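Written below as structure tokens is the structure these notes are about.
The values are calculated or read from the model by the stated rules, or taken from the named source; none is laboratory data. Just so it is clear, the model here is predicted, and its values are computed rather than measured. Note that we place each Cβ from the backbone using ideal geometry, even for glycine, and neighbour counts take in every protein chain shown. Side chains included, ligands, DNA and RNA excluded: accessible areas come from the protein's heavy atoms. Shrake-Rupley method; radii C 1.70, N 1.55, O 1.52, S 1.80 Å.
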Amino acid sequence: MAIAPARPDVLVIGGGLHGCSTALHLARRGIKALVIEKDHAGRHASGVNAGGVRRLGRAFPEVPLSVAAMALWHAIGDLVDDDCGFESHGQVKVAESAADLAVLAARVAKLNDLGFTHEELIGADELRRLLPAVAPHCVGGIVSRADGAALPYRTVLAFRNAAIRAGARFLEGAPAGPPVRAGGLWRVPVGDQVHEAPVLVNAAGAWADRIAAALGEPVPLEVIAPMLMITARMPAFVTPVVGATARPLSFKQFANGTVLIGGGHRGVAERDRNATALDFAKLAFNARTAAEIFPIMAGAQIMRAWAGIEARMPDDLPVIGPSIASEAAYHAFGFSAHGFQLGPIVGAILADLIATGTSALPIAPFSIARFAQAAAKAG
Ligand SMILES: Cc1cc2nc3c(=O)[nH]c(=O)nc-3n(C[C@H](O)[C@H](O)[C@H](O)COP(=O)(O)OP(=O)(O)OC[C@H]3O[C@@H](n4cnc5c(N)ncnc54)[C@H](O)[C@@H]3O)c2cc1C
């Protein structure tokens, strides 16, 4: 007779980076999670993103979390026993005009006032030293020298496997139905089975609004499909990850010479079919922007393009923290196309909240309560 596995302490819905990281940090505290994933870990945004590991240009409320996450990235092998392909070649945001440079200067001044010094304003000479192939019209920028990039799918698998080694369990190919609270337990149906645990975590990415609604707190989550494309191999011409200031662009060259181009242009997402459709006009615009900032890109050959399904909140900030409508439930979703870098720290925050009821990091701006307040004001 098979012995049923012991009841988990926490049910985590969603096996993206945030669900995997939560399971790992819980396990390191001796708290056993069951991660329920409808497809396979890393199938969605966490496995197909640009791999940008950046503090550069973050919304100010996110900066303390991003700085704490970066410390974990620089020792990522200690956490998951895999380097996740993380390389720290810096991230640069290019100013294409004096007006861009003024915006960046104001940003750095505000960050400095808040006590953060990782972003530096640079002029044309330092910009050309960092990016020798940048176009002549670019006048300067900002750099965060210890930022970098990692390999997304490898990262999710590293977190998943480390969580399993530490005692977490994963159910993949297992769509979770609406959670119900009864008798001090969360009950989550999966097919003809029901999984139970005292605590629930909603890390369901672009589907997380459905879990939130079942918990009694609907949220205005938008399902988006950010697109990326990759070129054939080119001569080495850029080392840091590069973005622009006044138009969407994110850009990096891999060691094999291929160049990844993105920056937020969106296709169309159909989350019920796990499907996305590309918008080729926007991809062409994105490629032209890359060539305007790096003229060598005019000769690039695009080999492949894709999009991922991601959750965006109206204020572009994630939801991190306890439910305000249901007991013993927590959220980590809505990362609005910049949640990969935050993955390692968000799992630690959730584990702290579940184990101790508090987090040492300032998470108040990410409370789900902000949407209830907005709805009350509107009503
Ligand atoms: C193209 C693209 C480029 C990006 N580039 C960057 C970047 O360079 N840097 C950066 O920091 N961020 C980037 N991002 C954003 C980043 O990828 C996401 O913010 C982050 O991965 C979100 O992780 P997650 O765990 O919340 O969601 P996901 O990875 O989407 O995981 C959620 C999981 O929940 C599962 N799920 C949902 N509902 C259920 C259910 N009912 N039952 C079971 N399972 C369920 C889904 O199948 C999914 O696997 C990018 C995103 C995209 C799409």
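Numerical summary
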| item | result |
| --- | --- |
| Selection from segment 199-218 of residues that are of a type in the set (A, V, I, L, M, F, W, C) and open to solvent by 20 Å² or more (accessible area, probe 1.4 Å) | Val199, Trp207, Ala213, Ala214 |
| Wholly enclosed helices (runs of 4 or more DSSP H) of segment 1-79 bearing at least 3 residues within 9 Å of the ligand (Cβ to nearest atom) and either touching a strand residue (DSSP E or B) at 6+ places or on another chain (Cβ under 8 Å) or open to solvent by 10 Å² or more (accessible area, probe 1.4 Å) (or both) | 17-28, 45-48 |
| Exclusive hit being assigned by TED's automatic domain parsing to the domain that holds Pro178, closer than 25 Å to Trp186 by Cα and assigned to a strand (DSSP E or B), set Ile320, Ile349, Ile354 | Ile320 |
| Top-ranked residue in segment 231-257 [being open to solvent by less than 40 Å² (accessible area, probe 1.4 Å) and farther than 21 Å from Asp147 by Cα; ranked as farthest from the chain's Cα centre (by Cα)] | Met234 |
| All positions within segment 7-64 that are farther than 16 Å from Ala150 by Cβ and outside the structural domain of Ala163 (by TED's automatic domain parsing) | Gly57, Arg58, Ala59, Phe60, Pro61, Glu62, Val63, Pro64 |
| Selected residue [among the basic types (Lys, Arg) and farther than 21 Å from Pro362 by Cα] from Arg43, Arg107, Arg55 | Arg43 |
| Matching residues, segment 171-180, being open to solvent by 70 Å² or more (accessible area, probe 1.4 Å) and either of a type in the set (A, V, I, L, M) or closer than 14 Å to Pro198 by Cβ (or both) | Val180 |
| Search result, residues across segment 307-357 that are away from the ligand (no atom under 12 Å from the Cβ) and among the acidic types (Asp, Glu) | Asp315, Glu327, Asp352 |
| Candidates Arg304, Arg288, filtered to the one that is more than 10 Å from the ligand (Cβ to nearest atom), part of a strand (DSSP E or B) and open to solvent by 60 Å² or more (accessible area, probe 1.4 Å) | Arg304 |
| Output for segment 151-167, where each listed residue is open to solvent by 70 Å² or more (accessible area, probe 1.4 Å) and within 11 Å of the ligand (Cβ to nearest atom) | Tyr153 |
